[in-house]
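In what follows, a single structure is set out as structure tokens and then discussed.
The values are calculated or read from the model by the stated rules, or taken from the named source; none is laboratory data. What you see is a predicted model; the values in this text were computed from it and never measured. Cβ coordinates were reconstructed from backbone atoms using ideal geometry, including for glycine residues, and neighbour counts include every protein chain displayed. In case anyone asks, the SASA skips ligands and DNA or RNA and just uses the protein heavy atoms, side chains included. Shrake-Rupley method; radii C 1.70, N 1.55, O 1.52, S 1.80 Å.
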Amino acid sequence: MAVYKHTYKAWTGRPTPAWSRFLILARYGYARLFHSRFLLLFFALCLFYPFVCLAYIYLSHNTTLLATLLIPASLLPAVDGRFFYSYSIVQGAFAYLLTALVGPALVSPDLANGALPLFFSRPFSRAEYAAGKLSLLLALLSLITWVPGLLLFAIQSSVAGWDWAKSNLWLAGAIFFGLGVWVVVLALIGLALSAWVKWRVAASALVLGVFFAGAGFGAAINSVMRTNYGTLIDLEQMVRIIWSELFRYDSGAEISVSTAWIVLGLTCGVCVWLLARRIRPFEIVK
Amino acid sequence: MQPVIELNELSVRFGARTILHDLTVGLYGRVIGLLGPNGAGKSTLIQTLLGFCPPANGAAKVFGHDIRSELASIRATVGYMPENDAFIANMSAVSFVRMMGELSGLPGDAALERAHEVLFFVGLGEARYRQLGTYSVGMKQMVKLAQAIVHGPRLLILDEPTNGLDPAARQRMLRLIHEMRDSGGMHLLLCSHLLRDVEETCEEVLILKAGRIVHYADLESERRANKRFVEIQTSGNDPGFEKALAGLGCECAALGAGRFRMVLPKDFELREIYRVAAERDLPLRRVNYRRDTLEDIFLKAMGS
């Protein structure tokens, strides 16, 4: 029907495949997110450290430049597990801040004005909705964590040679798996809190609070109870314990790796439960 | 003929509380009205048809698709305009409606084209690039309607579509409902408290009370049948008038004070009444078709 006719006529085209529709939410989400210049600048800032690492890798293999700068090659730390462990800590922190900025804008605007029934009255399930919103965060956080990490590994492999790549292949797995786990945990926490708090600012504060309050309470419990079980509610410590295992770097943590895995698994489970409770087309008021 | 909506002993429970009790009915009309007082279960019935609430017992079908096993097929053919606010405040109307169209299965380009079209259709053409958070109540209602029809549904479910609308906007909404009905390809399920809106638009009415069906009325048939009942009031009191009317084949009862109630025979021409009155020099003050208004039907149902 033409716009000027102003009459109703049904649409009779061929529908798109159902499996791909969750990506529509991610597409609209990106359009909304990158409308903000601040977010765009912050995203660029998140990629600063990988460029620093890239420059370091280049410098450490450029003997001519090192000689010109009068820096002995032996003084530069090797590009190894510890290097990528540090990279993971820095980029993990940026990923966390990005989650606090982006996560609350995902579900809370839909909840605030009751838009969820409109999504679920279509051939679009709750799981697809959650997958659509989650894919946005997963892709965004991946772009600043394991994707540049693997690129750095590939560049280091190309300049250090095949022998280095062969003997350090486990590092690629550690980068992908270690940072991937952190991205999944952050995305689920961001989405779950966004689904529970309708006010975006409060949701952002809550995302920050989960980590800062966790670390603070954990330290307080440890010092008052003279134990180390308080660390269990410090998610950042938990993921560092896992990273130290994956990157074969001893961080001196007193909690076992398996305990850290269980804590992160439980956190993800709680987030999924919160999402299942909250992402519904209507609320039952008791 | 396949019913639009078919309920077969449908029950819905929230916890221990039964909201809908053994509803059984087949609805075939092009525009179906759903009436009932607050808490009667109208919205729950709609939500059950959309698969939001699982049925505890019984079955329900929309266009022959079972709500338990063929929910995706039902949702693909249904458009839903909820009663409460439902929008994303920081999106423009055209983006919002386009996104909803895409989620219903329209390709991106087609969804954009349709979004423009339906926004013009509902009268928001000039405001389509404004953010929804800045819209008035009436405009938000129209956007809800636009997103419900963007994908060309076979069944449009309207939950209180005239809520919060001023008289002019209400008239426009009813006009749009008429236009969509007359377009031929769409059935409408209209849930409203406003009996006049339902009476003006609906062919069939289902009245719920406390989760039970208390009345089902085929308004079209009743309208046709009711044309046989006529009430007359004359200026004077002529006892011979009743006999003269009976002579025309009408069943006639004098109510006193010049008032008569008659049942007309088939193919009776109404002008015969005027002719008999003129012959007897009896001025007619009023000739009305006597029919139950929807309000009468509703009040009777509520009393039952």
Task: 10 Å Cβ neighbours from other chains, averaged over peptide A:10-22 - done: 5
Open item on the list: Suppose all protein chains stay in the model; what accessible area per residue would a 1.4 Å probe give for region A:195-242, in Å²?
Closed with: 58
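For every helix of n ≥ 4 consecutive DSSP H residues, a contribution of -39,500 (n - 2.57) applies; sum these over chain A, divide by its total residues, and give [θ] at 222 nm rounded to the nearest 500 deg cm²/dmol.
The helix-only estimate for chain A comes to -23500 deg cm²/dmol at 222 nm.
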Open item on the list: Explain nothing, just the number: dipole magnitude of region B:5-223 about its Cα centre with +1 on each Lys and Arg Cβ and -1 on each Asp and Glu Cβ, in debye rounded to the nearest 20.
Closed with: 480
Open item on the list: Leaving out ligands, DNA and RNA, and with a 1.4 Å probe, what % of the accessible surface on the protein assembly as shown is carbon or sulfur?
Closed with: 59
Task: Contact order normalised by residue count of region B:227-294, Cα under 8 Å, 6+ apart, percent - done: 48
Task: For chain B, calculated [θ]222 nm from helices alone, where every DSSP H run of n ≥ 4 adds -39500 (n - 2.57) - done: -11000 deg cm²/dmol
- [ ] Could you tell me the largest-minus-smallest coordinate of the C-alpha atoms of region A:106-217 on each of the three principal axes, in descending order and whole angstroms?
- [x] 58, 42, 16
Open item on the list: I'd like the distance between the alpha-carbon centres of region B:1-73 and region A:214-286, rounded to an integer number of Å.
Closed with: 44
TODO: Can you find, among B:ASN8, B:VAL62, B:HIS151, the residue farthest towards the positive end of the dipole of the protein assembly as shown? Put +1 on the C-beta of Lys and Arg, -1 on that of Asp and Glu.
DONE: B:HIS151
TODO: Provide the net charge surrounding B:GLY29, with neighbours chosen by a C-beta distance below 9 Å and charges set as Lys +1, Arg +1, Asp -1, Glu -1.
DONE: -3
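Give me the inter-chain shielding for B:81-91: mean count of other chain Cβ atoms within 10 Å, whole number please.
For this peptide, the per-residue mean of nearby foreign Cβ atoms is 6.
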TODO: Place the peptides B:44-55, B:265-276 in order of packing, highest mean first, counting for every residue the other Cβ atoms within 10 Å and averaging per peptide.
DONE: B:44-55, B:265-276
Task: Cβ neighbours within 10 Å from other chains - mean over B:102-114 - done: 6
Task: Rounded to 5, the percent of DSSP beta bridges in region B:5-223 classed as antiparallel - done: 55
Task: Dipole of region B:227-294, positive direction: furthest Cα of B:PHE229, B:VAL276, B:GLY258, with charges on the beta-carbon - done: B:PHE229
Task: Scattering profile of the protein assembly as shown at q = 0.06, 0.08, 0.13 Å⁻¹ [log10 I(q)/I(0), Debye over alpha-carbon scatterers] - done: -0.48, -0.72, -1.25
Task: Only Lys, Arg (+1) and Asp, Glu (-1) charged, at Cβ; region B:227-294 dipole about Cα centre in debye - done: 240
- [ ] For region B:5-223, just the Cα set please: Rg and Dmax, both in angstrom.
- [x] 17.1, 49
Task: Added length on full extension, which subtracts the Cα-Cα distance from 0.36 nm per residue, A:ASN62 to A:ALA165 - done: 35.3 nm
Task: Accessible area buried, both sides summed, chains A and B with 1.4 Å probe, Å² - done: 3500
- [ ] Mind giving me the FRET efficiency for A:ARG277 and B:ARG285? R0 is 60 Å, r the Cβ-Cβ distance, nearest 0.05 is fine.
- [x] 0.35
Task: Probe 1.4 Å, protein heavy atoms only - accessible area per residue of region B:135-195 in square angstrom - done: 31
Open item on the list: Using a 1.4 Å probe on the protein heavy atoms only, what accessible surface does A:ILE262 show? Give it in Å² to the nearest 10.
Closed with: 100
- [ ] Find which of A:PHE177, A:ALA67, A:THR231 sits farthest along the positive direction of the dipole of chain A, computed with +1 on the beta-carbon of Lys and Arg, -1 on that of Asp and Glu, about the Cα centre.
- [x] A:PHE177
- [ ] Evaluate the relative contact order of chain B (contact order divided by residue number), counting alpha-carbon pairs under 8 angstrom at least 6 apart; express in whole percent.
- [x] 19
Task: Beta bridges per DSSP with both ends in the protein assembly as shown, % antiparallel, nearest 5 - done: 70
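If you place +1 on the Cβ of every Lys and Arg and -1 on the Cβ of every Asp and Glu, how big does the dipole about the Cα centre of the protein assembly as shown come out, in debye to the nearest 20?
360
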Open item on the list: Using a Förster radius of 56 Å, what is the FRET efficiency between A:MET225 and B:ALA210 based on their Cβ-Cβ separation? Nearest 0.05, please.
Closed with: 0.50
- [ ] Return one number: the angle in degrees, 0 to 90 and rounded to the nearest 10, between the long axis of the Cα atoms of helix A:22-33 and the longest principal axis of the Cα atoms of chain A.
- [x] 70
Open item on the list: Amide H of B:CYS53 versus every other amide H placed in the peptide plane: which residues, excluding those fewer than 5 positions away on the same chain, fall under 5 Å?
Closed with: B:THR48
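Per residue, how much accessible area does region B:237-301 have with a 1.4 Å probe, in Å²?
Result: 65 Å² per residue.
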Open item on the list: Applying a 10 Å radius around every beta-carbon, put A:115-121, B:236-242 in order of their mean neighbour count, most first.
Closed with: A:115-121, B:236-242
Open item on the list: If I histogram all Cα-Cα distances within region B:227-294 using bins 10 Å wide from 0, what percent of pairs lands in each bin?
Closed with: 21, 61, 16, 1
TODO: Kindly write out, for region A:246-258 in residue order, the coupling ³J(HN,Hα) from the Karplus curve 6.51 cos²θ - 1.76 cosθ + 1.60 (θ = phi - 60°), rounded to whole Hz, with x marking Gly and Pro.
DONE: 5, 8, 6, 10, 7, 8, x, 6, 9, 8, 6, 5, 5
Task: List of region A:105-137 residues, accessible area with partners at least 30 Å² below that of the chain alone (1.4 Å probe) - done: A:ASN113, A:PRO117, A:LEU118, A:PHE119, A:PHE120, A:SER121, A:ARG122, A:PRO123
